[in-house]
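Readers should treat all values here as calculations from the given coordinates under stated rules, not as data from a laboratory. Computed from a prediction, not measured in an experiment: that's the story for all the values here. Every residue, glycine among them, receives a Cβ derived from its backbone with ideal geometry; neighbour counts consider all protein chains shown.
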């Protein structure tokens, strides 16, 4: 017996861009150890595992990096929803509902786009100590205008897009920062976008995540407040690149993106 794994590029409408995620739809729960080993074998920033809850319409969804399980992931949720619809697990007009470590998350099809309903994760603590700011600047390799933390990540504002694109982080120093990852962000130089970002997460086994949806649960509220608008378009300026539309709604944030299937394989190892 084999298990199908589908690889999806998220937050893009073309193959080999955006952020790749592996999706494994299971008949029943699998062991943590088996899922972690599969995620390590896939060696992508995230592998998503999901199964129906008590035979009903909802799915239990978990996300694993090559090193650890994480509490929230946008691009692998987008990929999971894409797979459920494309593979016929859900009707095309059905809402995908996921029970996760971060509560109930949903996904809806909007023509060629998928809209995720996620919790907003705004900054809770502003970093003001000059020594802390110097350490952050040394770690990411660029000038820091502002830094603040939420429960997951450290957000760092840089002067402009060129500074974000030009970052060459010291990943050993980034890993020493007590956060899941570091969001480096600025206003966009391209009028088609409102802000840009990159995301570094060596503490969870991902030096740079090509397009991090859950990071926009923080950068979205940050720039919505700065720009005075509730709807924004973001560009993650990694080597692969990706586009996320963000819409704020109180304590929730809609992350809107596209996805495309690029690979289907059979895993010759039964779930444990």
Inset, instruction - For the chain, find the longest principal axis of its Cα atoms and tell me its angle to the long axis of helix 216-227, 0 to 90°, nearest 10. - result: 40 degrees
Inset, instruction - Starting from the Cα of residue 225, step 7 Å toward the Cβ, then list every residue of the range 120-151 with an amide N under 14 Å from that point. - result: 120-128, 146-151
Legend entry - Angle between the chain longest axis and helix 74-86 axis [Cα atoms, degrees, rounded to 10]: 30 degrees
Legend entry - Least to most buried among 41, 157, 97 (fewest other Cβ within 10 Å first): 41, 97, 157
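Can you work out D for the range 175-228 in µm² s⁻¹ from Stokes-Einstein, where Rh is the Kirkwood radius over C-alpha pairs, the temperature is 10 °C and the viscosity is 1.306 mPa s?
133 µm²/s
Could you work out [θ]222 nm for the chain from helices alone, using -39500 (n - 2.57) per DSSP H run of at least four and dividing by all its residues? Round to the nearest 500 deg cm²/dmol.
Counting only the DSSP helices, I get -6000 deg cm²/dmol.
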Legend entry - Amide N proximity, the range 1-41 versus residue 112 label position 7 Å along Cα-to-Cβ, cut-off under 20 Å: 8-20
Legend entry - Mean separation of Cα contacts under 8 Å (6+ apart) over length of the chain, as relative contact order %: 24 percent
Inset, instruction - Using the number of other C-beta atoms within 10 angstrom as an exposure proxy, rank 185, 106, 125, 12 with the fewest first. - result: 125, 106, 12, 185
Inset, instruction - Measure nothing but the geometry: give the 0 to 90° angle between the long axis through the Cα atoms of 130-140 and the longest principal axis through the Cα atoms of the chain, rounded to 10°. - result: 50 degrees
Inset, instruction - For the chain, report the translational diffusion coefficient in µm²/s to the nearest whole number, using Stokes-Einstein at 37 °C, 0.692 mPa s, and a Kirkwood Rh over Cα pairs. - result: 176 µm²/s
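Could you estimate the translational diffusion coefficient of the range 1-153 from the Stokes-Einstein equation, with Rh from the Kirkwood formula over C-alpha pairs, at 4 °C and 1.567 mPa s, in whole µm²/s?
My calculation gives 76 µm²/s for D.
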Inset, instruction - Arrange 132, 9, 194 by Cβ neighbour counts within 10 Å, fewest through most, would you? - result: 132, 194, 9
Legend entry - Compactness of the range 125-250 as Cα Rg over 2.2 N^0.38 Å, two decimals: 0.96
